[in-house]
1. Which of the residues that make up the range 506-518 are part of a loop (DSSP other than H, G, I, E, B), surrounded by fewer than 20 Cβ atoms within 10 Å (Cβ to Cβ) and in contact with a strand residue (DSSP E or B) (Cβ under 8 Å, 6 or more places away or on another chain)?
2. Against the definition (closer than 17 Å to Asp122 by Cβ and without any contact (Cβ under 8 Å) to a residue 60 or more places away in the chain), how does Asp283 come out, yes or no?
3. Go through the range 257-300 and give me each residue that's under 19 Å from Gly118 (Cα atoms), in contact with a strand residue (DSSP E or B) (Cβ under 9 Å, 6 or more places away or on another chain) and part of a loop (DSSP other than H, G, I, E, B).
4. Which condition breaks for Arg115 when tested against (1) at pLDDT 95 or above; (2) open to solvent by 30 Å² or more (accessible area, probe 1.4 Å); (3) of a type in the set (D, E, K, R)?
5. Sort out which residues of the range 184-208 are part of a helix (DSSP H, G or I) and open to solvent by 30 Å² or more (accessible area, probe 1.4 Å), and write them in order of number.
6. When you scan the range 321-424 for helices (runs of 4 or more DSSP H) that lie fully inside it, which ones turn up with 1 or more residues that are open to solvent by 40 Å² or more (accessible area, probe 1.4 Å) and polar (S, T, N, Q)?
7. Of everything in the range 303-318, what is within 18 Å of His422 (Cβ to Cβ) and either open to solvent by 10 Å² or more (accessible area, probe 1.4 Å) or part of a strand (DSSP E or B) (or both)? Give them in sequence order.
8. List every residue pair whose Cβ atoms lie under 6 Å apart, where the two residues are 6 or more positions apart in sequence or sit on different chains, the first residue falls within the range 177-189 and is over 11 Å from Gln435 (Cα atoms), and the second residue, located anywhere, is open to solvent by 70 Å² or more (accessible area, probe 1.4 Å) and part of a helix (DSSP H, G or I).
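The values are calculated or read from the model by the stated rules, or taken from the named source; none is laboratory data. Source: prediction; values computed, not measured. Neighbour counts are summed over all protein chains in view; Cβ atoms, including those assigned to glycine, are modelled from backbone coordinates with ideal geometry. Quick note on the areas: whole protein, heavy atoms, side chains included, nothing else; ligands and nucleic acids left out. Shrake-Rupley method; radii C 1.70, N 1.55, O 1.52, S 1.80 Å.
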Amino acid sequence: SELITGFLLSGMPCPSSCPPGLLALMAPGLALMAAFSLPSQAGDRRALPVEKPSGVKGRTLILLDVNTKSPVRIISENFLSLQLDPSIIHDGWLDFLSSRRLVTLARGLAPAFLRFAGKRTDFLQFHNVKNPAKSRGGPGPDYYLKNYEDDIVRSDIALDKQKGCKIAQHPDIMLELQREKAAQMHLVLLKEQFSNTYSNLTLTARSLDKLYNFADCSGLHLIFALNALRRNPNNSWNSSNALSLLKYSASKKYNISWELGNEPNNYRTLIGRSVNGSQLGKDYTQLRSLMQLIRTYSRAHLYGPNIGRPRKNVIAFLEGFMKVAGGTVDAVTWQHYYIDGRVAKVTDFLKTRLLDTLSDQIRKIQKVLNTYTPGKKIWLEGVGTTSAGGMNNLSDSFAAGFLWLNTLGLLASQGIDVVVRHSFLDHGHNHLVDQNFNPLPDYWLSLLYKRLIGPKVLAIHVAGLQRKPRPGRVIRDKLRIYAHCTSYHNHNYVRGSITLYIINLHRSRKKIKLAGTLRDKIVHQYLLQPYGKDGLHSKLVQLNGQPLAMVDDGTLPELKPRPLRAGRTLVIPPLTMSFYVVKNVNALACRYR
């Protein structure tokens, strides 16, 4: 074995009866999560003595090595993907998806899926109407609406004259009017969300064109979730409106994948009657049959059932669905929110117990799939740090990044093929881009992830010291390390390089010494910290001490690393997230796609 001798520090202490080799065997399967210290009694910050390994000077918290021979998981190239909520029809932001700035930001996260779905999916009706701008309603006085809608029509006409990607440069006054409208609609949308009663939405042909243009220009593959709540008297799915949308999309030769419904296990609370798993399975089978009748979509992908958190009743729903339609879908999907956005606090984002809630859910989903469709891919869709639209200065702040980066690392290490982030642009505070089209901290984190992280997941091996907890105290891991092959799309690094990403939730710095295959290699550091006086509440980010901001509407900044000399100990500042590219490792696992 190439494991470094020592303790593998995990989230729970090994009982005295634990076989000596068990921890070493567990390391690849646990894929990369390690805990390295424990809160001691108040005021006691003395470091326990550590025996100095040969060749390592000074006191080192841990030694770290990576298995470079073969990956433990291989995830999709589109692993980090995006979601847009249908609420952008309601609040008007869909009309601005052609913005050069938005397209530039979205292109930075390509390749990825763009899922068009959310709470209002099942209240969405498609109407093949070309120019509804004059008939569209909304808040505000008549003159405001008329002028605003005339501007939209003029913008549409200008876009129609373009060939290929249709990109717009919206005047500032137009964006200001839109922000005013969106602010008024935000209150309406929140009221709907908290009361769990939603009004119907109309998606026109023009709106679908704009949505597809945004996805196509940005290098994103559109996944469209159809309304599953159009039901016949016998509770079967009424597919007439979906068929109209499919036919229109096919006539435009749009390359789209499909879903049906959103959180179907909650339909009783929405409409007063439920749709069980087996019935939804029949509906999916019906949708697949419709797709096969339309040449453009006869081989298109279909995903579902997009259930909510896998509690007991939801697992029963999934089992009923898998019995009927397990072979119909190309991946099984579910969604997860960590915190109720109405009661969130900044300290919530630092709780290791919260970061670990996904693991149990993954096991439950995998158990069902192993029974009915072993090997079927699993996606986590609609993931967000908080529910209920999020909370200003929390779910859109630097602090939320700890949850987001750990979600990416944990899901990749456990073989989840795709994770869809809710949302790219939204009316709430869970988004990556705000309503001034400025990237928020989670956007920069996602951009770094896309630039540096490849689809091959590697096992890490660590050795160090574990303090003994007081009786009854649970060890919780506050230093999390994940490793992948460096992205093949990043031409700054040769194939065979490895990228580590590290989350330090401790309020003190931690030291890591690279060993084994990583020893004495040049390392490039990408250290993310909040920028400005707001600390963890900040919506601004610095990379290696330099604030990140777009150069202009068409240009993202260069993400410059800080080179570290070969053999240098990695010093991880407190409450930070960081990426480390270990150059020229020539890792066998990373040489080829």
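1. Answer for the range 506-518, where residues must be part of a loop (DSSP other than H, G, I, E, B), surrounded by fewer than 20 Cβ atoms within 10 Å (Cβ to Cβ) and in contact with a strand residue (DSSP E or B) (Cβ under 8 Å, 6 or more places away or on another chain): His506, Arg509.
2. yes
3. Gly261, Asn262, Glu263, Val275, listed by residue number.
4. (2)
5. Gln184, His186, Leu187, Val188, Leu190, Lys191, Gln193, Phe194, Ser195, Arg206
6. Because the criterion is at least 1 residues that are open to solvent by 40 Å² or more (accessible area, probe 1.4 Å) and polar (S, T, N, Q), the helices (runs of 4 or more DSSP H) in the range 321-424 that meet it are 357-372.
7. Tyr303, Gly304, Pro305, Asn306, Ile307, Arg309 - these are the residues of the range 303-318 that are within 18 Å of His422 (Cβ to Cβ) and either open to solvent by 10 Å² or more (accessible area, probe 1.4 Å) or part of a strand (DSSP E or B) (or both).
8. Close Cβ pairs (under 6 Å, with a partner that is open to solvent by 70 Å² or more (accessible area, probe 1.4 Å) and part of a helix (DSSP H, G or I)) do not exist here.
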